[in-house]
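The values are calculated or read from the model by the stated rules, or taken from the named source; none is laboratory data. Keep in mind that what you see is a predicted model, and the values were worked out from it rather than measured. No Cβ is skipped: glycine too gets one built from the backbone with ideal geometry, and neighbour counts run over all protein chains shown. Surface areas here come from the heavy atoms of the whole protein model, side chains and all, with no ligands, DNA or RNA. Shrake-Rupley method; radii C 1.70, N 1.55, O 1.52, S 1.80 Å.
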Amino acid sequence: MFGYVMPCKMELKVKDYEKFKAYYCGLCLAIKNEFGNLPRFALNYDMTFLAILLDSLNNENLDFVVSKCIAHPVKKRAKIVNCDALNYAAFCNISLTYFKLLDNVQDDESKLNKILSIFLKKYTKTDDTTNIKILNYMEEKLDLLNQIENNENLSSIDEISHIFADLTAYIICEYVDDDKLKNNLYNLGYNLGRFIYLIDAYDDLKKDMEENKFNPINKCFNNDNLPYEELINLIRDRIEFNLIMSAQSSYDSLMALDLCKNKDLLTNILELGLMEKIESIKFKECKKNEKSV
């Protein structure tokens, strides 16, 4: 359920693309510093966006280091350091990955996911009261999501996407104290979380149907038990309309924020990057259909 919030590289200025990579590598380094080397496998683009967004709310100058790393042992890369937003994103990254692994174990009894979840569990232990509050909220919402996904009477895509949307909103807005700013961040996070949940289901629909796994789109829209090809032709426009509206609402909420930096980069991600993800899934689907013919 991660990896959908990325910039549209073709429309990004070189300086902004390099900055995005510096945040991404900075998040990787923050995970290493906070949790160690091995948990860095959990690194993802969505949490990079979280760090960029939250760091853009202050006017502090960025602090860079240039060094080699395990992933890039030959060429040195710029990394943003000494950044509270990156440390917060690192904590959220590890915690969400842990709960996602637990969910995967319940879904398919994967031995690998079980091993990884046991490994990550110790990194979710904390004495920080704020982090404990966030962890409890994550666990509560993801447990509720799992219960609703297993509800035979589920019929509304809004009902189920609301839970993940609310969780995403909470993670984003909990970083700040100002009530007005918190409200704006909640709205952005809610619509972005809804986008992530829906596009993940859209992306996995064919595979989930083939493997007889739960998929909210299949559950809520396939009352007649149609095969994938018939279902997708019937609902594609409706799903993509929902995705576009969620992306647009995220962008509108971004424009309501007083950003101190990174505005062009964040605008690119929410205005163009999300649209590019929708198109990439549609293109992937078309390529599969061409091969089947």
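Sort out which residues of segment 1-32 are touching a residue at least 24 places away in the same chain (Cβ under 8 Å), among the aromatic types (Phe, Trp, Tyr) and part of a helix (DSSP H, G or I), and write them in order of number.
Residues satisfying the conditions are 20, 23, 24.
Please indicate, with yes or no, whether at least one residue in segment 100-107 is at pLDDT 90 or above, more than 24 Å from residue 243 (Cα to Cα), open to solvent by 60 Å² or more (accessible area, probe 1.4 Å) and not in a loop (DSSP other than H, G, I, E, B). Within segment 100-107, none of the residues are at pLDDT 90 or above, more than 24 Å from residue 243 (Cα to Cα), open to solvent by 60 Å² or more (accessible area, probe 1.4 Å) and not in a loop (DSSP other than H, G, I, E, B). Would you check if there is a residue in segment 164-181 being free of Cβ contacts under 8 Å to residues at least 40 places away in the same chain, outside any helix (DSSP H, G or I) and under 16 Å from residue 145 (Cβ atoms)? No, segment 164-181 contains no residue that is free of Cβ contacts under 8 Å to residues at least 40 places away in the same chain, outside any helix (DSSP H, G or I) and under 16 Å from residue 145 (Cβ atoms).
Each residue in segment 162-220 was checked for being open to solvent by less than 20 Å² (accessible area, probe 1.4 Å), over 16 Å from the mean Cα position of the chain (by Cα) and of a type in the set (A, V, I, L, M, F, W, C), and 4 of them qualify.
Given the structure, is residue 91 in contact with a strand residue (DSSP E or B) (Cβ under 9 Å, 6 or more places away or on another chain), surrounded by 13 or more Cβ atoms within 10 Å (Cβ to Cβ), of a type in the set (Phe, Trp, Tyr) and not in a loop (DSSP other than H, G, I, E, B)?
Details: in contact with a strand residue (DSSP E or B) (Cβ under 9 Å, 6 or more places away or on another chain): no; surrounded by 13 or more Cβ atoms within 10 Å (Cβ to Cβ): yes; of a type in the set (Phe, Trp, Tyr): yes; not in a loop (DSSP other than H, G, I, E, B): yes.
No: the conditions fail for residue 91.
Residues that are of a type in the set (A, V, I, L, M) and either open to solvent by 50 Å² or more (accessible area, probe 1.4 Å) or in contact with a strand residue (DSSP E or B) (Cβ under 9 Å, 6 or more places away or on another chain) (or both): does segment 223-239 have at least one? Please lay out each step first, then the result.
Step one: of segment 223-239, the residues of a type in the set (A, V, I, L, M) are 226, 231-232, 234-235, 239.
Those still in the list that are either open to solvent by 50 Å² or more (accessible area, probe 1.4 Å) or in contact with a strand residue (DSSP E or B) (Cβ under 9 Å, 6 or more places away or on another chain) (or both) too: 234.
For segment 223-239, residues of a type in the set (A, V, I, L, M) and either open to solvent by 50 Å² or more (accessible area, probe 1.4 Å) or in contact with a strand residue (DSSP E or B) (Cβ under 9 Å, 6 or more places away or on another chain) (or both): present.
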